[in-house]
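The values are calculated or read from the model by the stated rules, or taken from the named source; none is laboratory data. Quick caveat, the model's predicted, so the values are computed rather than measured. All Cβ positions, even for glycine, are placed from backbone atoms using ideal geometry, and neighbour counts span all protein chains on display. We work out accessible area using only protein heavy atoms, side chains counted, and drop any ligands, DNA or RNA first. Shrake-Rupley method; radii C 1.70, N 1.55, O 1.52, S 1.80 Å.
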Amino acid sequence: MILGIETSCDDTCAAVVTTRGEVLSNVVASQGLLHAEYGGVVPEIASRRHLELVDAVLEDALETAGVDLDAVDRVAVTNGPGLIGALLVGLSAAKGLAAARGLELTPVDHLLGHVLASTLGENPIQPPFACLVASGGHTFLAQVDEPRSYRTLGSTLDDAAGEAFDKGARILGLGYPGGPLIQDAAEGGDPAAFDFPRSYPGDYDFSFSGLKTSLLYKVRDLGEEQARERLADLAASYQEAIVDALATRVRQAITDERVERFALGGGVAANEPLRERVGALCDELGVALWIPPFDLCTDNAAMIAGAARFLDPLPYPEYLALDAAARLA
Ligand code: KG4
Ligand code: ZN
């Protein structure tokens with residue numbers, strides 16, 4: 001039984017996962033509304049809120065799983081990358097809990113957690129596989145040969161795909177978080193109405209900052225009234241540009257790296273047009289596709305406890321010296 005803790009950004013998360021990969025509980029206390037009025041996550045507010053929530057979320061995770069602390073064999077915690085103050089709350093809670101019980105502790109790279117989310121549940125993906133993780137904080141393509149680590153094939157040079165949705169939604173006056181709002185606004189719109197740029201830097205890299213600027217200029221050119229009238233077309237075309245950029249790299253990775261199994265992860269994996277496009281692509285190329293349920297795609301502690309199954313735990317008291325890192329080497 002592994003107890004996972006994740007506090008790298010604005011969600012306070014705890015989960016209980018078995019060594020076989022069954023998710024017994026996966027609790028997320030979202031701070032979304034708290035940050036919404038600022039249009040993005042405020043780090044200092046996030047860490048303070050984690051501190052207020054972490055005990056209750058841990059209790060909830062144990063209670064939902066129907067186990068008490070005696071049944072927990074190991075603690076797993078995100079130690080980076082993320083907001084340093086936010087990470088430190090989860091890490092300190094994990095250290096305290098593990099030390100008090102003399103349990104082992106496994107520090108987990110948040111990104112490895114996203115990459116391995118599809119290894120959880122009843123139909124786990126088996127390495128080797130490749131995956132696209134697209135969220136509000138990260139966007140990258142990874143190749144996994146054995147589950148302890150991954151090789152980054154390419155990543156975004158500027159904004160993450162979810163960030164592009166969020167910033168686009170702000171430009172269109174839709175609110176936050178932008179992904180679901182743009183997807184809804186795009187209903188009935190023409191994805192070919194506007195030709196927004198797709199950028200393909202490096203071998204497998206992404207870039208979304210030019211796209212966002214292009215939307216800003218387009219909205220200015222149209223003027224407020226026109227932009228409002230053509231909202232569905234603007235949203236559909238903007239969404240299409242993001243989906244197209246992601247799907248093009250997925251196709252390239254699958255073909256060039258001879259991928260047989262592919263997984264999607266991150267909050268943007270909820271995007272219907274992206275799921276359809278990658279689904280069709282995998283069908284065409286004869287590749288098996290895994291898309292975990294939404295609560296395993298967004299930030300969560302089950303993916304952290306899940307990843308810890310494949311990593312070496314640190315014994316007590318070695319982990320007391322562990323530090324969090326905004327960026328992991
Ligand atoms: O994984 P996540 O919860 O948080 C990070 O680790 O960043 O992802 C949140 C991101 C947000 O940018 C949000 O706009 C995006 O995922 N998202 C979507 C959809 N649902 C959430 N993007 C596009 N379409 C969606 N349906
Ligand atoms: Zn994340």
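If you rank 1, 303 by how much accessible surface each has, with a 1.4 Å probe, what is the order from largest down?
1, 303
Keeping every protein chain in place, order 20, 228, 151 by accessible area at 1.4 Å, biggest value first, i.e. largest first.
Putting 20, 228, 151 in descending order of accessible area: 20, 228, 151.
Which whole-Hz ³J(HN,Hα) couplings does the range 191-206 yield from phi under the Karplus relation 6.51 cos²θ - 1.76 cosθ + 1.60, θ = phi - 60°, glycine and proline marked x?
My calculation for the range 191-206 gives x, 9, 4, 10, 9, 7, x, 10, 10, 10, x, x, 6, 10, 7, 10 Hz in order.
Does anything in the range 170-188 have its amide N under 15 Å from the 7 Å Cα→Cβ label point of residue 222, and if so which residues?
Those under the cut-off are 170-175, 182-188.
Amide H of residue 190 versus every other amide H placed in the peptide plane: which residues, excluding those fewer than 5 positions away on the same chain, fall under 5 Å?
It is 233, by chain and number.
Using a 1.4 Å probe on the protein heavy atoms only, what accessible surface does residue 167 show? Give it in Å² to the nearest 10.
Probe radius 1.4 Å; accessible area of residue 167 about 60 Å².
What is the helix-to-structure angle for 43-65, meaning the angle in degrees between its Cα long axis and the longest Cα principal axis of the chain, kept from 0 to 90 and rounded to the nearest 10?
The two axes meet at around 60 degrees.
Any idea of residue 92's accessible area? Nearest 10 Å², probe 1.4 Å.
Rounded to the nearest 10, that gives 70 Å².
Using heavy-atom solvent-accessible surface (probe 1.4 Å) with all chains present, what is the largest-first order of 257, 224? Numbers along the way, then the final one.
Details: 257 60, 224 145 Å².
Of 257, 224, the descending order of accessible area is 224, 257.
For the range 15-30 and the range 116-154, write down the distance between their C-alpha centroids in whole Å.
Centre-to-centre (Cα) distance: 18 Å.
Given 0.36 nm per residue, what is the gain on full extension from residue 122 to residue 200 after removing their alpha carbon distance, in nm?
Here the answer is 24.5 nm.
Probe 1.4 Å, all protein chains in place: accessible area of residue 155 in Å², nearest 10?
The accessible area of residue 155 comes to roughly 40 Å².
Name the most mobile residue of 300, 271, 26, meaning the one with the largest mean-square fluctuation, in a Gaussian network model of the chain with Cα contacts below 10 Å.
Among 300, 271, 26, the largest mean-square fluctuation in the Gaussian network model of the chain belongs to 271.
Could you size up the charge dipole of the chain around its Cα centre, putting +1 on the beta carbon of Lys and Arg and -1 on that of Asp and Glu, and report it in debye to the nearest 20?
The calculated dipole for the chain is roughly 520 debye.
With springs only between Cα atoms under 10 Å apart, run a GNM on the chain and tell me which of 229, 22, 240 wobbles the most.
Of 229, 22, 240, the most mobile in the Gaussian network model is 229.
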